[in-house]
Amino acid sequence: FEGVIEKPLERHSFYIFGTVVFIVGASLLGRAAWLGIARGEEFVRRAEGNYIRRTYYDAPRGIIFDRKGIAIASNTSMISTSTPDQTRYVRAVKHPYAYSHVVGFLGKPTEEELKDPLFIEGISQVGKAGLEKNYNDRLRGTPGERDEELDASGGVISRGPMIPPKEGNELHLTIDAGLQEMVWEKLHATVEERGFRGAAGIVFSVKDGSILALTSVPSFDLNAFADGLSHDEADAIFNNPSAPLFNRAISGIYPPGSIIKPFMALAALEERFAEREPVEIRQAVAA
């Protein structure tokens with residue numbers, strides 16, 4: 001760079017730069033002094049009395065459909081009284097008695113379930129019986145979540161961004177809703193009229209073995225579990241000598257039937273029931 005002529009900076013440029021640095025520095029120092037001295041004690045108390053709480057938001061469980069797309073088990077929503085921004089989902093079953101053993105009921109997770117490494121934090125209810133239990137991982141959904149800063153008395157000071165809940169996956173059955181309900185009504189009426197202790201009925205397709213109806217009598221009101229059982233309701237279910245929780249269709253042990261049954265099966269083959277649709281079977285049985 002020998003021979004290059006440089007133009008020196010003028011004196012007022014240094015004054016301007018120094019003034020800007022002084023103003024910025026003074027502003028930062030003033031802000032720090034105000035926060036540390038004027039409001040120092042306030043922020044110390046706030047830091048000591050506050051904590052971060054993660055709040056979870058219920059996710060609706062997946063809907064259970066019959067073979068024709070009729071919703072058997074769905075969800076109803078209600079606002080929580082304790083936390084107005086929370087939406088609580090309650091399971092609603094189309095015919096709570098006809099599907100009690102098929103769909104099953106929900107309940108709070110046990111300590112053992114909470115310790116399961118696959119358990120999702122924030123799940124308030126898990127399947128305890130029936131399809132709700134066997135397909136719980138598919139139906140449960142994913143809860144929403146949000147971090148909240150609380151003061152010492154539990155009041156919310158600030159809230160972080162919310163991750164919305166994700167609804168569970170749908171479940172489609174081979175059950176025919178109309179046939180299922182009709183079989184239950186017939187069995188229930190017969191048990192009541194003749195004083196039987198219980199009964200079970202299964203209807204399946206001889207084409208592919210799919211279950212069209214599966215019922216057990218006596219049964220119980222599934223929708224009562226959704227709102228929480230009263231003492232009388234719980235006593236009527238759990239201490240009933242007829243054992244309504246017992247699924248006679250899949251858990252019962254029975255002696256061989258009478259010799260008339262093979263003839264009934266031959267009559268069904270003669271009438272070509274295997275080629276009929278569930279609605280036709282319902283009409284024939286009703287007749």
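The values are calculated or read from the model by the stated rules, or taken from the named source; none is laboratory data. In this text the structure is predicted, and so the values were computed from the model without any measurement. Neighbour counts run over all protein chains shown; Cβ positions are idealised from the backbone, glycine included. Please note that ligands, DNA and RNA were not included when accessible areas were found on the heavy atoms of the full protein model with its side chains. Shrake-Rupley method; radii C 1.70, N 1.55, O 1.52, S 1.80 Å.
Quick notes on this structure:
- Yes/no for Ile175 being of a type in the set (A, V, I, L, M, F, W, C) and either in a loop (DSSP other than H, G, I, E, B) or under 20 Å from Asp66 (Cα atoms) (or both): yes
- Taking (1) under 30 Å from Gly144 (Cβ atoms); (2) open to solvent by less than 30 Å² (accessible area, probe 1.4 Å) in turn, Asn223 satisfies each apart from (2).
- Yes/no for Asp176 being open to solvent by less than 30 Å² (accessible area, probe 1.4 Å) and within 25 Å of the chain's Cα centre (by Cα): yes
- Of the residues making up segment 81-108, those that are open to solvent by less than 30 Å² (accessible area, probe 1.4 Å) and outside any helix (DSSP H, G or I) are Gln86, Val90, Arg91, Ala92, Val93, Pro96, Ala98, Tyr99, Gly104, Leu106, Gly107.
- Ser242 closer than 25 Å to Gln180 by Cβ, surrounded by 10 or more Cβ atoms within 10 Å (Cβ to Cβ) and over 24 Å from the mean Cα position of the chain (by Cα): yes
- Looking across segment 147-164 at every residue that is under 12 Å from Thr55 (Cα atoms) and open to solvent by 50 Å² or more (accessible area, probe 1.4 Å), the one that is farthest from the chain's Cα centre (by Cα) is identified as Val156.
- Of the listed requirements (1) open to solvent by 40 Å² or more (accessible area, probe 1.4 Å); (2) within 26 Å of Ile237 (Cβ to Cβ), Leu118 misses just one: (2).
- When Asp235 is tested against (1) over 25 Å from Ile253 (Cα atoms); (2) open to solvent by 80 Å² or more (accessible area, probe 1.4 Å); (3) not aliphatic (A, V, I, L, M), just one condition goes unmet, and that condition is (2).
- Test result for Thr55, modelled with pLDDT of 70 or more, within 28 Å of Gly144 (Cα to Cα) and not hydrophobic (A, V, I, L, M, F, W, C): yes
- Of Val191, Val206, all but one fail to be in a loop (DSSP other than H, G, I, E, B) and either more than 25 Å from Ala71 (Cβ to Cβ) or in contact with an Asp or Glu (Cβ under 9 Å, 6 or more places away or on another chain) (or both); the exception is Val206.
- When residues of segment 245-272 are limited to those that are aliphatic (A, V, I, L, M) and modelled with pLDDT of 85 or more, the one surrounded by the most Cβ atoms within 10 Å (Cβ to Cβ): Ala249
- Restricting Ser219, Ser158 to residues that are among the hydroxyl-bearing types (Ser, Thr, Tyr) and assigned to a strand (DSSP E or B) narrows the list to Ser158.
- Sole exception among (1) farther than 26 Å from Ile72 by Cα; (2) modelled with pLDDT under 85; (3) exposed (fewer than 11 other Cβ atoms within 10 Å of the Cβ) for Glu275, by number: (1)
- Only one of the listed residues (Lys7, Lys68) is modelled with pLDDT of 80 or more, of a type outside the set (Asp, Glu) and either open to solvent by 50 Å² or more (accessible area, probe 1.4 Å) or within 29 Å of the chain's Cα centre (by Cα) (or both). That residue is Lys68.
- Just one of the listed residues (Glu132, Glu145) is in a strand (DSSP E or B) and either at pLDDT 90 or above or β-branched (Val, Ile, Thr) (or both), namely Glu145.
- Test result for Glu192, more than 19 Å from Gly252 (Cα to Cα), surrounded by 15 or more Cβ atoms within 10 Å (Cβ to Cβ) and acidic (Asp, Glu): no
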